[in-house]
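Trainee: Input: one structure, supplied below.
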Amino acid sequence: MKKGKSFCRSVWGVFLASCLALVVSSTLAVAQEAKIRIGAAISITGRTAKEGTLVKKGYDTWAEWINERGGMNVGGKTQKVEMIYYDDKGDATTSAKLTEKLITEDKVNFILGPFSSGITAATSMIGEKYGYVTISASGNSDFLYERGLKYLFSIMPVASQDMVPIAELAVQQTPKPKTFAVVVWDNVFTLPALEGAKKRSLDLGLKEAYYGKYPANTTDFSGILTVLKSMEIDLLYFGGFFQDTVSFLRQAKELDVNAKLYATPGSTTNPDWVPVMKKDGDYILSTLPWSKDMSYNGRFFSTKSYTDFWRNKYGDDPDDRSARGFAAGILMQLAVEKAGRLDQTKIRDALRSLEVETFLGKFKFDEKGMNIAGHLGVLQVQNGQGVLVYPPRPGAKLLYPVPTWKQR
């Protein structure tokens, strides 16, 4: 009888040990598979789909790259990342709701921003509500950083500085431009960007010949262009996103409205610019936070090595929006590494204390979350190619004055 009891105890002991081993191994497996979840509500469809998908491509490429390296370093241990996306369809209210879902239901660890300042205005309030760090690859309207938020950080300099380099470059030309005109979409990014250009142009001695706003969804610019045609405009600033810029310039050609120089914030850096505009897209200036022809060095990539990496992966040159998305991931990565833990407040403080150069440029954040170390370049489309004409570099020259539409 004693032998039977002893046998039962032995069997039961083996069974318990096996169960315990199974539980332990399962727990370890789950721990090993745990990932850092990063969420973004971003435009995959809708008005800003072109720009949004480019930023998303940067996020995705960074996530793939960091996972190939083993993941993010958290307190000396690496954890892979998992990206979770929702399509905000270019709508701020939708994006805010989806951002809240990412935080409360998907339990993401971090938020990467949407495209555009208007949408960022809504989503950043959700991040602030829950104390979640948001790194914005696209939202740089001045007012975003004047609301006292503690968890929002900008990749780019603020919008009011966006087109200042164009004004400064223009007045260096011969003959020096005398007049300028502003046509601007009534939007939280484009308004301060063009106001900054206007102010700097006036400071540099140019005379304002025209200033006009247009509402969202405008497709007919003939009224504004008719007014402009009656004036002599040296420098024409157009403040709209990609599709608006295409429509405006096509109608300017139809009505034969000319200027000595055209400038717009960012549209010519869109990879669809030349395929859509063809030769009519030549000579247009845009500012950009990054170009493959800049010369920055970073811990993981230089500008050149990042460009080579992108070309090897995709077969074409990197877009600046994708580059900003990739850089947002690197900044999050550096902040987590410095904080040593997945704690929002610690990571926020780590970002505030960062002073670093990356392949995209220099970063130093003030108490408002603005990048006060960043500088913009100026790109001009020449013979179907984007050419970095500022900062100055050998072999690159601004084409000025621009030929009339009939002379092209």
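Trainee: Identify, by number, the condition in (1) under 25 Å from the mean Cα position of the chain (by Cα); (2) touching a residue at least 60 places away in the same chain (Cβ under 8 Å) that ALA170 doesn't meet.
Mentor: Going through (1) under 25 Å from the mean Cα position of the chain (by Cα); (2) touching a residue at least 60 places away in the same chain (Cβ under 8 Å) one by one, ALA170 breaks only (1).
Trainee: Please give the number of the condition PRO318 fails out of (1) in a helix (DSSP H, G or I); (2) surrounded by 15 or more Cβ atoms within 10 Å (Cβ to Cβ).
Mentor: Checking PRO318 against (1) in a helix (DSSP H, G or I); (2) surrounded by 15 or more Cβ atoms within 10 Å (Cβ to Cβ), the one that fails is (1).
Trainee: Sticking with this structure for a sec: On the basis of being modelled with pLDDT of 95 or more and not assigned by TED's automatic domain parsing to the domain that holds ASP142, does TYR400 make the cut?
Mentor: Numbers: modelled with pLDDT of 95 or more: yes; not assigned by TED's automatic domain parsing to the domain that holds ASP142: yes.
Yes, satisfied.
Trainee: Only residues that are more than 30 Å from GLY369 (Cβ to Cβ) and either touching an Asp or Glu at 6+ places or on another chain (Cβ under 8 Å) or not assigned by TED's automatic domain parsing to the domain that holds THR219 (or both): list them for region 171-203, please.
Mentor: Those that are more than 30 Å from GLY369 (Cβ to Cβ) and either touching an Asp or Glu at 6+ places or on another chain (Cβ under 8 Å) or not assigned by TED's automatic domain parsing to the domain that holds THR219 (or both): PRO177, LYS178, THR179, PHE180, ALA181.
Trainee: Still on this structure, I have one more. Within region 324-366, count every residue that is in contact with an Asp or Glu (Cβ under 9 Å, 6 or more places away or on another chain) and of a type in the set (Asp, Glu).
Mentor: So the count comes out to 0.
Trainee: SER295 passes all but one of (1) in contact (Cβ under 8 Å) with a residue 12 or more places away in the chain; (2) surrounded by fewer than 22 Cβ atoms within 10 Å (Cβ to Cβ); which number fails?
Mentor: All conditions are met except number (1).
Trainee: Which of the residues belonging to region 237-277 are basic (Lys, Arg), in contact (Cβ under 8 Å) with a residue 60 or more places away in the chain and in a helix (DSSP H, G or I)? Spell out the reasoning first.
Mentor: Initially, region 237-277 is screened for residues basic (Lys, Arg), giving 250, 253, 260.
Among the residues that remain, those that are also in contact (Cβ under 8 Å) with a residue 60 or more places away in the chain are: 253, 260.
Selection gives LYS253 alone.
Trainee: Could you say whether any residue in region 189-197 is in contact with a strand residue (DSSP E or B) (Cβ under 7 Å, 6 or more places away or on another chain) and on the phi > 0 side of the Ramachandran plot?
Mentor: We begin by selecting, within region 189-197, every residue in contact with a strand residue (DSSP E or B) (Cβ under 7 Å, 6 or more places away or on another chain); these are 190-191, 193-194, 197.
Going one step further and asking which of them are on the phi > 0 side of the Ramachandran plot, we end up with none.
Within region 189-197 (the criterion being in contact with a strand residue (DSSP E or B) (Cβ under 7 Å, 6 or more places away or on another chain) and on the phi > 0 side of the Ramachandran plot), the answer is no, since none of the residues qualifies.
Trainee: Any idea how many residues of region 278-305 are in a helix (DSSP H, G or I) and in contact with a helix residue (DSSP H, G or I) (Cβ under 7 Å, 6 or more places away or on another chain)? I'd like the intermediate steps shown before the answer.
Mentor: Here is the first cut: in region 278-305, the ones in a helix (DSSP H, G or I) are 278-281, 303-305.
The next check asks that each one be in contact with a helix residue (DSSP H, G or I) (Cβ under 7 Å, 6 or more places away or on another chain); those that pass are 280-281.
The qualifying residues number 2.
Trainee: Which strands (runs of 3 or more DSSP E) does region 32-138 wholly contain that include 2 or more residues that are under 26 Å from THR358 (Cβ atoms) and over 19 Å from the mean Cα position of the chain (by Cα)? So that I can check it myself, show each step before the final result.
Mentor: On the way: elements: 36-42, 72-74, 77-79, 81-87, 110-112, 134-136.
Because the criterion is at least 2 residues that are under 26 Å from THR358 (Cβ atoms) and over 19 Å from the mean Cα position of the chain (by Cα), the strands (runs of 3 or more DSSP E) in region 32-138 that meet it are 36-42, 72-74, 77-79, 81-87.
Trainee: Another question about this same structure. Any residue in region 319-338 that is closer than 23 Å to TYR85 by Cβ, acidic (Asp, Glu) and either in contact (Cβ under 8 Å) with a residue 40 or more places away in the chain or touching a His at 6+ places or on another chain (Cβ under 9 Å) (or both)?
Mentor: yes
Trainee: Any chance you could count how many residues in region 351-385 are out of contact with any Phe, Trp or Tyr (no Cβ under 8 Å at 6 or more places or on another chain) and not acidic (Asp, Glu)?
Mentor: Residues in region 351-385 being out of contact with any Phe, Trp or Tyr (no Cβ under 8 Å at 6 or more places or on another chain) and not acidic (Asp, Glu): 9 in total.
The values are calculated or read from the model by the stated rules, or taken from the named source; none is laboratory data. The structure presented is a predicted model; accordingly, all values stated were derived computationally and were not measured. Heads up, the Cβs are rebuilt from the backbone with ideal geometry, glycines too, and the neighbour counts pull from every protein chain shown.
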